[in-house]
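The values are calculated or read from the model by the stated rules, or taken from the named source; none is laboratory data. In this text the structure is predicted, and so the values were computed from the model without any measurement. Quick reminder, even Gly has a Cβ in these numbers, built from the backbone with ideal geometry, and neighbours come from all protein chains shown. Note: areas computed on protein heavy atoms with side chains; ligands, DNA, RNA excluded. Shrake-Rupley method; radii C 1.70, N 1.55, O 1.52, S 1.80 Å.
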Amino acid sequence: MIISLRSISYDDLKKQLCPEDKIVILSCDTCVKACGIGGSARMKQLTGMLQADGYTVLGIDLISIGCTMNLVAHHRDNRKEVYDEATVVIPLICEDGLVGVRKVFADKKIIQVAKTVGIGNFTMDKGVVLTHPFESTGLAQNDDGYPLAEVAKALQLFPGFFDEKDGSPSADQMVKLTVDGKEIAAPAGQNLLAACLANSIDVPHLCFQEDLSAYGACRLCLVKIKGRKGLVPACCTHVEAGMDVCTDDAELQHCRRIILELAMASGHHDCLTCVKGVPSPFATCELQKYVRAADITESRFASFPVKLPEDDSSPVIFHDPNRCILCGRCVRACQELSGLSNLGFVNRGDRTVVVAGLNTEMNQSDCAACMACVNVCPTGALTEKVVYFSGKDWTPSRKFMSL
Ligand code: SF4
Ligand code: SF4
Ligand code: FES
């Protein structure tokens, strides 16, 4: 992992700005995010601070891997109108990524925020640590790793993000609503699902993913809102002052159960042999998590009879469409985080599948191997190849549905 720390104060950042500047903040979604100075939450925080001080922020832009220069260029092309209007780009990115940003935005003022100090890793007790500092830092190699606060102190950098000022919305930008009898406050315009999750109210969801646009495909996040007919998807509903929301009752549980049973029947979910399912040590399958929580052990619906061909043409990604639930997260990640739009849906109804390029094999498509799609996939449909094949030895030949 590339280790970067913040190199300038908020006041120094403002000294490099003019009141008439039009700003875009972009961020890499990998190392700088882990180091606490990048990612969408940090971009939103900085936006709030700058806007409170009267600056014009045209937008924020999250890039799956910021040091991949062609992805940065794709983002510029895809958001041409915004970037053309911008006079300043503030990249939350390591110094290597900054080289590419300077090339892609050669006509803009670029304000460097991060200083890259070396290479490190992550430990459970210390978090991100610096193990191999660059020679220029004067620090010795340390296999146990220097905590970032220690590095910041030694190198006169900043231990956190721009925390001196609170960039969160002011009280008049918040609305109050009631969820399951509890009063919560959420920024006006936020979607109801994000507001619930931010307040530790766990509404089941599969197609929603923080950082991606809401899609409303899976319907698992259905809730009841007093005064509105029927059930509404929380991810596609904006919070409103005075809303009275119910996220959990017998009817909602019944609906979610049907949705989950249909999802399990829609493909071939051989969970016991999936690298994202229990008992794999990498178990991260969100579908299996909800199926287990709902105590579903069999589906009333017949499994989809056709087995679709897998795609192992990519050197890094394994695509098994039989485990796909058509949530669309990968399609949106490829469009919104990588800027490539290399993935899309083809066909209709129960024949719908996710494909790469113009319905070709992954290695024949425009894939940049940024792994944004793999990282957001809630099932074992898209997996990192090295992980997928770690379970290959015990894959059975007899196919069955297993939870
Ligand atoms: S298909 Fe996946 S890995 Fe390839 S560019 Fe798109 S998001 Fe990145
Ligand atoms: S491949 Fe994964 S992320 Fe993409 S639609 Fe299917 S389940 Fe969702
Ligand atoms: S998470 Fe809301 S519809 Fe899928």
Original post:
At a 1.4 Å probe, what is the % contribution of carbon and sulfur to the accessible area of the chain?
Top reply: 52 percent
Original post:
Could you state the number of Å between the C-alpha centres of the stretch 309-352 and the stretch 1-49?
Top reply: 31 Å
Subject >> Charge tally in the Cβ shell below 11 Å around residue 83, where Lys, Arg are +1 and Asp, Glu are -1, residue 83 excluded >> reply: -1
**OP:** Return a whole-number percent for the relative contact order of the stretch 1-57, with Cα pairs under 8 Å and 6 or more residues apart as the contact set.
**Re:** 39 percent
Original post:
Which whole-number value in Å² is the accessible area per residue of the stretch 268-311, probe 1.4 Å?
Top reply: 57 Å²
Subject >> Rg to Rh, two decimals, where the stretch 159-225 supplies the alpha carbon set and Rh follows Kirkwood >> reply: 1.02
**OP:** Would you mind telling me the antiparallel percentage of the DSSP bridges in the chain, rounded to 5?
**Re:** 65 percent
Subject >> Two-decimal Rg to Rh for the stretch 52-118 - Kirkwood Rh, Cα set >> reply: 0.95
**OP:** Round to the nearest 10 and report in Å² the accessible area of residue 69, as given by a 1.4 Å probe over the protein chains' heavy atoms.
**Re:** 90 Å²
Subject >> Rel. contact order, % - alpha carbon contacts under 8 angstrom, at least six apart, the stretch 237-329 >> reply: 27 percent
Original post:
What are the radius of gyration and Dmax of the stretch 1-144, computed over its Cα atoms and given in Å?
Top reply: 15.5, 47
**OP:** Express in % the proportion of alpha carbon pairs of the stretch 324-369 at distances exceeding 16 Å.
**Re:** 34 percent
Subject >> the chain: radius of gyration over Cα atoms, expressed as a fraction of 2.2 N^0.38 Å >> reply: 1.06
**OP:** Amide H neighbours of residue 58 under 5 Å, at least 5 residues apart or on other chains, H built in the peptide plane: list them.
**Re:** 23, 24
Subject >> Options 169, 55, 357, ranked by Cα towards positive dipole end of the chain, top entry (Cβ charges) >> reply: 357
Subject >> 222 nm mean residue ellipticity, helices alone, for the chain (DSSP H n ≥ 4; -39,500 (n - 2.57); rounded to 500) >> reply: -7000 deg cm²/dmol
Subject >> Rounded accessible area per residue of the stretch 5-92, 1.4 Å, Å² >> reply: 39 Å²
Original post:
What number, in percent, do you get for the relative contact order of the chain if the mean sequence gap of Cα pairs under 8 Å and at least 6 apart is divided by its residue count?
Top reply: 13 percent
